[in-house]
Every structure is written in structure tokens, then in C-alpha cells.
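Asker: Here you go, one structure.
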Amino acid sequence: MSNRRLAYNKGADRMPKRLVLVAVFLFLVIGLAGRSVEASQMAVVTNPTVNLRGGAGTNHPVVGQAGQGARLPVLGKSGDWVQVRQANGQAAWVAGWLVRLEAAPASVAPTQPATATGGQVAVVTTGAVNLRGGAGTNHPVVGQAGQGACLPVLGKSGDWVQVRQANGQAAWVAGWLVRLEAAPASVAPTQPATATGGQVAVVTTGAVNLRGGAGTNHPVVGQAGQGARLPVLGKSGDWVQVRQANGQAAWVAGWLVRLEAAPASVAPTQPATATGGQVAVVTTGAVNLRGGAGTNHPVVGQAGQGARLPVLGKSGDWVQVRQANGQAAWVAGWLVRLEAAPASVAPTQPTPVTAPGSVNPTDPPDRTVRALVGNAVVDVEAVDVRSQPGRQYTAIAQATRGFRLPLVAERGGWYQIRLPNGNLGWVESATVRVDIDTAGLPPVNGGSDADPDRGEISFDARVSGDRVIITVSSTTPIEYSAFRLPNPDRIVIDVDGFAGGQVPATQTLQSPVVSTIRTGEADGRFRLACDVKQGLAHTRYKTDLSGDRRTLTVEIFAVANVMQGRVIVLDAGHGGRDPGATGPTGVREKDVVLAITLEAAQLLRQQGAEVILTRQSDVFVELLQRAEIANQAGADVFVSIHANANVDHSKHGTSTYWWPYPDVMTPGQIAARERLAGALQTALLAGLGRNDLGLFQARFAVLRATNMPSALVEVAFISNPVEERLLADPAFQNRAAAAIAAGLQDYFQEY
Ligand SMILES: [Zn+2]
């Protein structure tokens, strides 16, 4: 310091040169720091929307915006601002408290320059990805591609990859959702037109158009589904000529199929032979079964994808099979895959006659229904829940990553699950991870489209002092759900698998807690509705299912205190390496919300509630794990506690977020969520007296992955100097905690 001061004091003539040197040095330091950060980090936007600015401060103009979850390559830092590369490739600044920094995946290193890239394909590595009009999530979705889809790479910008869609048009996909590979020679655009025998084109994406010529300008003459195997007739450019299911030639884009050697069994030169010990597995959506070996023969039946038909013989490239009705028919060999038949479906075995609903030993394995106990947790971004096990069936709901669906049964590659609204649906097993409580249950049904688990059900109710004990007995293992419904106040027990016989009669009880047990039956579900005398707020129930799942015991009793026995999950936002937002003087969100949460937990426990915390110290917990904790606990409510932040430091006030999930929830479940959010917001306003910013619907992970009513409170703005000071004040923290407890009290008066 003294040397420098001395040098500066020597004379004004030397100062400019030294300043230039200092400036060059600083530039180098910042430049190097920026580059080293760039290679390794992404800024993930943690607020619903953030402004991107021309400089490191709110005084700089807004040059763009990014939505929650957007991932922006980090170019550098200045104070608590982060310089990022926008989707359009230009640099901009974002407030550091609105983003979370993460290591950038190596394959999408943001240092990669924008380049045109020939000879590469982008292979989709996740469930289903959006294709967009530009290189960023702010651009509109112009298409989608499924896992494993191979899209020719046209170029790159930042960590986005430009690809050619199935329709031939260019689109952009996020680089972290694909894996880049050298394009296989078979789809290289330079390849000359050739005739190609002995190959099949296997469709690698959802559904592809078959066209009259080698280009998207030709008319669509047919379609083929994922996994369909089409004999290859020739090639032109990157288009492949194939034989359709109807026997006619058509063209398919080469980047939508994978070429494989045709198995000998469907080679068109093969002589007619009798073939024992094989099954033909249908590889496409639905195939016609015909009276003879050719499309000129009449259609005598149909079989769906995955159907397994015992092989009786072959002629040319047609395969003779035994239909489900026991009669022989012919199927085109290019629509099936031949497999060795398991002993139980050997074609020499006689077709037995079995009673409906009983286990048919000759049923192929993929028709076997197994009853399951446990949960399926969605393991892809979004999964369609379908009415029946098959992609061709209607999607009745969609569930997003982390959502937990109780398992009912398994058939083939599909799980039957129960939606929160009580409806049953099917999900593909590859899209979920399962957590099965009891493995190895025997198959309870097979070979029919009837719901599994159907049995005869009876129930018995007895009054024991101030309790009512209901015992539901079934001849087969059951699945059940129990829940509370208001107006009239009742506890409902739904049991799946009712055979549809005589419905046990309604019972009237002499009990202080339950007046009547009403019975009903619909869609194979047996329902008991227990009308409660003291209101839901003062009634509790416990359920217990026996080990063999044939006896369900429900105990209903009254409590004096509305909070008694409530299971409440409180979620202090952020924690550990995720500080959340930071205030102007450095107060951290993770610290103040933990203080509020711990105090609220203590108050609620004093009131008789059972409180579960997702964290009780300064540790990092994944968002979905927070929801999972509540789902596992079967909590009554989930409340996530946060402090808000905005680049505009004048913004202040209290807001509460909730998410309705309309396709999986009943109106009653949605109403409960809104009621919870409203009760919390009202109590926070009354207790804290801050500005009312209102209720908002938001697809936050913790809100959409929680199966029970859930809400997220933003107590105040930590980015506002006044509210930052309040949030750091223990007296304000205690008032916020008391308000949250009061809001829950209010909610539980009704539910
Ligand atoms: Zn937060």
C-alpha cells in the first residue's frame, strides 16, 4: 500500500499508465475467473420469473426474462449478481439470490461454440422432451420427442441443440435432455439410394408417418407405432422404403427408425413350415388376423400390441397362429416377433375351458394380473395415466415427477394405480419406480379384462364405549382408501374389488361418534360412508389392514381438541448449500424460515398436533424428498415456509401459493387446498400486518408432488430492507409462527 501511494504521489504524468495496467490486470482476473466459472456452472432460476439485465444491478435496463427452472450458463460474477448467457446467446446479468448455481453437465458444457454440426444425432435421454422454436425455454413448444428418439443435429447454440423434427422442420432441444452420438451410416444424408434386403426398420419414436415418397412433401399413406418392425425395401437419401402392414410400399424418415437385420423367421424367402414351441408377439398397435396367408384373405380377428399367439405354422412371410378363441388364423410376419413359447403356452397343449375370473394356466404371462401393495412414484417429467394398460388407450390424467400413486395391480409392463380422486388408471412400468410393500403375492386373476381383486365383501360395526370399530372382510386381498368429506361430515372408506353381489345394508348405530353407516357400490368399489355426530374437526379415525389384506379394521373416535392427532408437515425452505434468497444486508432466507418453522412446530405440538419437519437444522433437502416425507407420513397437510425476493427491492408483502392439479383431484380436494392456502394467508396478514399480495397458483415441486392439501407461504420479502430487518427479528419470527399455527387451526375447524 505505501509503495503504491508513493508511486501515485510521484507525479500526475505516470498515473494514467498505472491505471491502464491496473485495468488490464483486473480485466485479466475477471476474465479468467469468468471463464473458469463458465466451464463448470449453470444458474438455475428459482423464482417464477426473473429479469435479465444489462448490468449487475437493478439500475441497469431489463434485457430479457427467464422462467423458473431455466438453466443459464454462468459467464461470471460481480458482487451478488451473476452474468449468464441468455437463450439468444447474448450475455446478461441476473440477481444471484434468484438463482441456484449448479455444476453444468459435461456433455452440454456451455463453452461449446455455436456450430453447425453434421453427422450427429441427438438421442433423447428422458421421458418426453419439448422441441422449441428457439434455443431457450422462453420459445414456444413446436413439437415433442420421446425417449430414445434420434434427431439429426443441425447446429448448436449455448447448451441448446438444433435438430430436425420428424416433420422435417428444424427445432431446438435442451442439450441436457439429449445425448449426442455419431449419426449411424444408415441415416447419413449422403447415402445413395439402394435396394436393401434382409433388413427391418424398427420405429424408434411414438408414431411415425408413412409417406408415398421419400420426403415430407409426399402424402401420408399410413402410420406405424413405436417398436413396429417394417421390412426394408430400399433407401433414398435419408428416407427408407418399407413394406406397410397392408403389404404396400411406403417411405419413412430414416431418423425415426433403426435398421436391424431381419430375423430369419420373417424373411420372405422362407418356405412354409409347421412350427411348434413358438409364440408370435404382436409388435405394433393392433393387427388383423386373417383367414389365409395374405391381405386378400378376410379378416377373422384382431390382436393388440404385446399379444402372444401360439404359432401353428408359416407360409411365405405370414405366420399361422391360434387366436384367443382357439381357432387358427394368419398374421403378417412383419407385424410380430417370434419367441420360444414358455411351456405353459406350447401350442400342443389343449385349450382348456375355465370359469370366468379363475386363473387360466394357458394365459400368456403378459395377461397375468398381480395384486400389489405399495406405491408407484413418477420417475419421468410427466406420465400419462391411461384407462387401460396400453398406449392406445385414453389418457385420463397426467402426473408429474415425484407424484406418488398407490399401486393396485400389475399386468405386463403396466401398473394399475389409484389416482388421488379415487379413479383407477394404468401407467407404464418404465415411467415409475415402485416401492412394493409385499412382494410375491400370487396372481389373483388372469386372462380377462375384469378388474383384479374382485371378491365378496361384508362388514360389521360395533360400538365400544366412545368408539366405533368397523371390520370389513373380503374373500380376496383388498385395496382401500379412507378420507374425510364435509357437508354432511363423514368418513368414507372405499374398498376396491367388490364383486358386484349383494351390497351389505346400511346400519344405524347408538354411538356418540357415528350415527349411520351408509353403504354403496359403483365401478367395482364398495363404499362405506360413516356420518359423524361431532363434526370432522372433532372426529378421528385409524385404519389397520391385516397381513393377508383381507380384513380392514377402522376405528372412529371423537376428540375434544381440533388439533389433536393432526399430522402436519412443516417444510422450512432451502437449507445447507442452498441459502435461498439473501437480503440487502446479508440475512439469509434459509436461516429465518428455519427459525419460524421450529417455533411453529413447537406451538402446534403444544396444541396436540403431530408435527413432522422436513429439516430441523441447516441441511440441504431435495424438493421432491420434502414432498415424499409428507406422502410417506400420510400427513393431513403440508406447509412450506419461505421468504420472498425480488430484484425490485421496494416490493414487499405476504403471499401464499397453492396448486390445484385439476386432472387428478376431485373438486373437493381442490377446494381443501385453496381453503388451506386462504386460511394461512388470512392468518399471516392478521398476525404480521404486511401488504396483502394475495393467493397464487404455482406448480412448485413441493405443491404438485404432495398428495395431501399443501401450501407455500412467502412470509415477507427478504430483498426489501424493511422486511429483511423484520424477518431477522425473533419477535417477528414468533408472530409469523403463531400466524401459521392459527391458520392451520382455522383450516382444521372445517376439515
Ligand atoms: Zn424460498
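Asker: Applying the selection to region 335-365, what residues are at pLDDT 50 or above and in contact with a Ser or Thr (Cβ under 9 Å, 6 or more places away or on another chain)? Explain how you work it out, then say what you get.
Answerer: Taking region 335-365 first, the residues at pLDDT 50 or above are 335-342.
Residues satisfying the conditions are 335, 336, 337, 338.
Asker: Which condition breaks for residue 699 when tested against (1) modelled with pLDDT of 95 or more; (2) within 16 Å of the ligand (Cβ to nearest atom); (3) part of a loop (DSSP other than H, G, I, E, B); (4) in contact with a Ser or Thr (Cβ under 9 Å, 6 or more places away or on another chain)?
Answerer: With respect to (1) modelled with pLDDT of 95 or more; (2) within 16 Å of the ligand (Cβ to nearest atom); (3) part of a loop (DSSP other than H, G, I, E, B); (4) in contact with a Ser or Thr (Cβ under 9 Å, 6 or more places away or on another chain), residue 699 is out only on (1).
Asker: Another question, then. Tell me yes or no: at least one residue of region 675-683 is part of a strand (DSSP E or B) and either under 18 Å from residue 563 (Cβ atoms) or within 16 Å of the ligand (Cβ to nearest atom) (or both). Break it down into steps so the answer makes sense when it comes.
Answerer: Restricting attention to region 675-683, the residues satisfying the condition of being part of a strand (DSSP E or B) are none.
For region 675-683, residues part of a strand (DSSP E or B) and either under 18 Å from residue 563 (Cβ atoms) or within 16 Å of the ligand (Cβ to nearest atom) (or both): absent.
Asker: Does residue 620 satisfy being within 29 Å of residue 433 (Cα to Cα), touching a residue at least 24 places away in the same chain (Cβ under 8 Å), crowded, with 23+ Cβ neighbours inside 10 Å and outside the structural domain of residue 387 (by TED's automatic domain parsing)? So that I can check it myself, show each step before the final result.
Answerer: Details: within 29 Å of residue 433 (Cα to Cα): yes; touching a residue at least 24 places away in the same chain (Cβ under 8 Å): yes; crowded, with 23+ Cβ neighbours inside 10 Å: no; outside the structural domain of residue 387 (by TED's automatic domain parsing): yes.
Answer is no for this residue.
Asker: Would you say residue 716 is farther than 29 Å from residue 381 by Cβ, within 16 Å of the ligand (Cβ to nearest atom) and crowded, with 20+ Cβ neighbours inside 10 Å? Quick ask: steps written out before the conclusion?
Answerer: Numbers: farther than 29 Å from residue 381 by Cβ: yes; within 16 Å of the ligand (Cβ to nearest atom): yes; crowded, with 20+ Cβ neighbours inside 10 Å: yes.
In short, yes.
Asker: I'm told residue 632 meets every condition in (1) within 16 Å of the ligand (Cβ to nearest atom); (2) in a helix (DSSP H, G or I) except one. Can you identify the failing condition by its number?
Answerer: Here residue 632 clears every test but (1).
Asker: Please determine whether any residue of region 694-717 is of a type in the set (Ser, Thr, Tyr) and under 20 Å from the mean Cα position of the chain (by Cα). Talk me through it step by step, then tell me what you get.
Answerer: Of the residues in region 694-717, the ones of a type in the set (Ser, Thr, Tyr) are 706, 710.
Among the residues that remain, those that are also under 20 Å from the mean Cα position of the chain (by Cα) are: 706, 710.
Yes - at least one qualifying residue is present in region 694-717.
Asker: So residue 145 ticks every box in (1) surrounded by fewer than 20 Cβ atoms within 10 Å (Cβ to Cβ); (2) of a type in the set (A, V, I, L, M, F, W, C); (3) at pLDDT below 80; (4) part of a strand (DSSP E or B) but one. Which box is left unticked?
Answerer: For residue 145, the failing item is (1).
Asker: Another one. Report whether or not residue 605 is closer than 26 Å to residue 484 by Cα, assigned to a helix (DSSP H, G or I) and away from the ligand (no atom under 16 Å from the Cβ).
Answerer: For residue 605, the condition - closer than 26 Å to residue 484 by Cα, assigned to a helix (DSSP H, G or I) and away from the ligand (no atom under 16 Å from the Cβ) - is met.
Asker: Return the residues of region 574-588 that are touching a Leu at 6+ places or on another chain (Cβ under 8 Å) and either within 12 Å of the ligand (Cβ to nearest atom) or outside the structural domain of residue 637 (by TED's automatic domain parsing) (or both); say none if nothing qualifies.
Answerer: Hits for region 574-588 are 575, 581.
Asker: Does region 324-332 contain at least one residue that is part of a loop (DSSP other than H, G, I, E, B) and modelled with pLDDT of 80 or more?
Answerer: no
Asker: Here is a follow-up. If you check residue 591 against the conditions, is it farther than 30 Å from residue 381 by Cβ and within 16 Å of the ligand (Cβ to nearest atom)?
Answerer: Numbers: farther than 30 Å from residue 381 by Cβ: yes; within 16 Å of the ligand (Cβ to nearest atom): yes.
Judged against the criteria, residue 591 is a match.
Asker: In region 552-561, is there at least one residue being assigned to a strand (DSSP E or B), in contact with a helix residue (DSSP H, G or I) (Cβ under 8 Å, 6 or more places away or on another chain) and closer than 30 Å to residue 95 by Cβ? Spell out the reasoning first.
Answerer: Residues of region 552-561 assigned to a strand (DSSP E or B): 552-558.
In the following step, the residues that additionally are in contact with a helix residue (DSSP H, G or I) (Cβ under 8 Å, 6 or more places away or on another chain) were identified as 558.
Next, from what is left, pick out any that are closer than 30 Å to residue 95 by Cβ: none.
For region 552-561, residues assigned to a strand (DSSP E or B), in contact with a helix residue (DSSP H, G or I) (Cβ under 8 Å, 6 or more places away or on another chain) and closer than 30 Å to residue 95 by Cβ: absent.
The values are calculated or read from the model by the stated rules, or taken from the named source; none is laboratory data. Because the structure is a prediction, the values reported are computed rather than measured. We place every Cβ from the backbone using ideal geometry, glycine too, and count neighbours over all the protein chains shown.
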